[in-house]
Amino acid sequence: MNSRRSAGIVELVSSRRYVAFVAVGDGTTLESVQAVLKPEDAAHKQSHELQVTQVAILGANDAEHNPLQPKYQTPEYLRTIPHLRPRIPANALLLRLRSQVIASLTHFFNQQGFVQTHTPIITSSDCEGAGEVFTVSSNAAKDSEQRLKPGDQAQVEHFFRTNKYLTVSAQLHLEALAQAVDKVWTLSPTFRAERSDTPRHLSEFYMLEAELCFTNDLSDVMTVVENMLVAVASDLLSSHTGAELLKARESSQAEHESPTDSLTAADLKARWTGLASGAWPRITYAHAIHLLQTAVTTSSATFAFEPSYEVGLQAEHERWLAATVGEGQRPVFVTDYPAAQKPFYMAPSPTSSESSGGDEHSTVACFDLLVSELCELAGGSLREHRVQELQVAMQGKGVEGGGLEWYQDLRRYGSVPHGGFGLGFDRLICYLSGVGNVRDVVAFPRDV
């Protein structure tokens, strides 16, 4: 192959994506010579360069009709093809983030002496008492109904003999296990039959839950939650996955791929730093209501729902508290909610009346953890460990004791002061990644 140096006049330039063709003449003939210009070597911009000697196609792709195209596609569109969207690099990155966070949580709980456990998905109780449950049935029961004559429906039996539901929480079963090994945790699917069409809710989601015995101080439970998330955020700040998340955020902002997303890479890193710093603010529910009402009175904030002690905190109130008390970067613990707003199993606050069934201002030893944008990230409480007080609370909430006789047995046959919490795992992934909708961090979201 011979090479020579030439000079000439550029007569025409034709550009393609990765190459340019230049027609060059020197005046000695009507004919021009076509020169091929390749872009500068980009190897210096990356850590490695792959020299390809052979390519083999292992799976053919109908590129013309492929729903995934090399252009910006909205999250709303990608939700219509959940079986394909994991192939997009940004979505694959979310899968890696999810895996890393699980690894960080497992390491944290191992260090703290917690035992990882598995609790049932099919249960006989609704521990939240809200009635928003999915009932489990079998095809066999439907076949039996079709074979029976009219009037014989009484012969149809449930597969489980009694009504069973998809779990709304692992808490009650975790309490039973904690009585044996002191401290337990689980990460498992949870189901709520809520028709809540919001960016924060799904019908099926993952919940991280933990219980610890020998504590009658709510601060102990909050400290576990705080230390756990500090560990997760610290790991993320020093990880390759974290660096990739920040890089992806910078790229999307530079290319204006998501015009409605104003969270910058610097904002996202500040969010992680706020988590990793620890020492998060802790305020009571009564003080939170006071702050909200003062903000309305001084016209420093307006809300669609007027802050009220009796009605409770709305999502807009929680966002304001996270942005104001937590300065938008640190989570905020809100404690000691009115007993009337919480489930039967919560123990009364030390400063409240002896029973959660007391006057309208009696409170329970509980907390919600609030973060910017997503509102409630976690919630926990001390559990009522005294059998008589538990029974009174159940009666006050109208909870039938038959299906929860075993739960009362946990107190009847010896119990110790204990507490626990639950954290929305998918919401945590949203918060860490900066993704605004929980449907976009779950591979196959289930909602209404």
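Derivation of every value follows stated rules applied to the coordinates shown; laboratory data play no part. Not measured: the values here are computed from a predicted model. A quick note on method: Cβ atoms are made from the backbone with ideal geometry, for glycine too, and the neighbour counts reach across all protein chains shown.
What is the sum of charges around Lys269, taking Lys and Arg as +1, Asp and Glu as -1, for the other residues whose C-beta is under 12 Å from the C-beta of Lys269?
With Lys, Arg at +1 and Asp, Glu at -1, the net is +1.
For Val311 and Glu250 in one chain, what is 0.36 nm times their gap in residues minus the Cα-Cα distance, to one decimal in nm?
17.8 nm
Name the residue farthest towards the positive end of the dipole of the chain from the options Gln100, Leu313, Thr223, assuming +1 on Cβ of Lys and Arg, -1 on Cβ of Asp and Glu, about the Cα centre.
Gln100
Please give the net charge around Thr215, taking every other residue with its beta carbon less than 14 angstrom from that of Thr215, where Lys and Arg add +1 and Asp and Glu add -1.
-4
With a 10 Å cut-off between alpha carbons and a GNM built on the chain, which of Gln34, Gln391, Gln171 moves the most?
Gln34
Who wins for biggest fluctuation among Leu263, Leu410, Leu12 in a Gaussian network model of the chain, springs between alpha carbons below 10 Å?
Of Leu263, Leu410, Leu12, the most mobile in the Gaussian network model is Leu12.
Using r as the Cβ-Cβ distance of Ser99 and Ala35, and R0 as 56 Å, what FRET efficiency do you calculate, to the nearest 0.05?
Working: r = 49 Å, r/R0 = 0.88.
Efficiency, rounded to the nearest 0.05: 0.70.
Name the longest site-free stretch of the chain, where the excluded sites are chymotrypsin sites (Phe, Trp or Tyr not before Pro) in a DSSP loop with no more than 10 other beta-carbon atoms within 10 Å.
Here the longest run is 19-412.
At 20 °C and 1.002 mPa s, what whole-number value in µm²/s does Stokes-Einstein give for the translational diffusion of the chain, with Rh from the Kirkwood sum over Cα pairs?
82 µm²/s
In what sequence do Thr324, Thr135, Thr190, Thr335 fall when counting other Cβ within 10 Å, fewest first?
Sorted ascending by nearby Cβ count, the order is Thr135, Thr324, Thr190, Thr335.
Would you kindly state how much longer the chain becomes between Leu58 and Gln395 on full extension, computed as 0.36 nm times their sequence separation minus their alpha carbon distance, in nm to one decimal?
So the extension gain works out to 114.9 nm.
Give the order of Val181, Val36, Val334 when sorted by the count of other beta carbons within 10 angstrom, beginning with the fewest.
Listing Val181, Val36, Val334 from fewest to most nearby Cβ atoms yields Val36, Val181, Val334.
How high is the FRET efficiency from Val387 to Tyr72, r the C-beta distance, R0 56 Å, rounded to 0.05? Write down the numbers at each step before the final one.
Numbers: r = 59 Å, r/R0 = 1.06.
Calculated value: 0.40.
How are the Cα pair distances of the range 60-137 distributed, in percent, across 5 Å bins from 0?
For the range 60-137, the binned pair fractions read 3, 10, 13, 11, 9, 13, 17, 10, 8, 4, 1 percent.
Loop-only check: which trypsin sites (Lys or Arg not before Pro) in the range 56-125 are DSSP coil with at most 15 other Cβ within 10 angstrom?
Those satisfying the criteria are Lys71, Arg79.
To the nearest Å, what is the center-to-center distance of the range 381-400 and the range 313-344, using C-alpha atoms only?
24 Å
Please give the length that would be gained between Asn139 and Asn227 if that part of the chain were fully extended, namely 0.36 nm times their separation in residues minus their C-alpha to C-alpha distance (nm, one decimal).
27.1 nm
Quick one: Ser188, Ser381, Ser277, fewest Cβ neighbours within 10 Å first, how do they rank?
So the residues, fewest neighbours to most, are Ser277, Ser188, Ser381.
Can you give the FRET efficiency to the nearest 0.05 for Gln51 and Arg17, using r as the Cβ-Cβ distance and R₀ = 22 Å?
Efficiency for this residue pair is about 0.60.
Round to the nearest 10 and give me the degree value, 0 to 90, for the angle of helix 315-324's Cα axis relative to the longest principal axis of the chain.
70 degrees
About its Cα centre, how strong a charge dipole does the chain have in debye, to the nearest 20, once Lys and Arg get +1 and Asp and Glu get -1 at the Cβ?
1200 debye
State, to one decimal in nm², a quarter of the convex hull surface area for the C-alpha atoms of the range 239-353, i.e. the direction-averaged projected area.
Averaged projected hull area, Cα only: 10.3 nm².
Given a 10 angstrom Cα cut-off, can you work out which residue in Ala347, Ala210, Ala35 is the most mobile in a GNM of the chain?
Judging by the Gaussian network model, the answer is Ala35.
All other residues with a Cβ under 12 Å from the Cβ of Glu376 taken together, and with Lys, Arg as +1 and Asp, Glu as -1, what is their net charge?
Charge balance in the 12 Å sphere: 0.
Just tell me the longest site-free run in the chain, where the sites are GluC sites (Glu not before Pro) in a DSSP loop having at most 13 other beta-carbon atoms within 10 Å.
After excluding every exposed loop site, the longest remaining stretch is 158-254.
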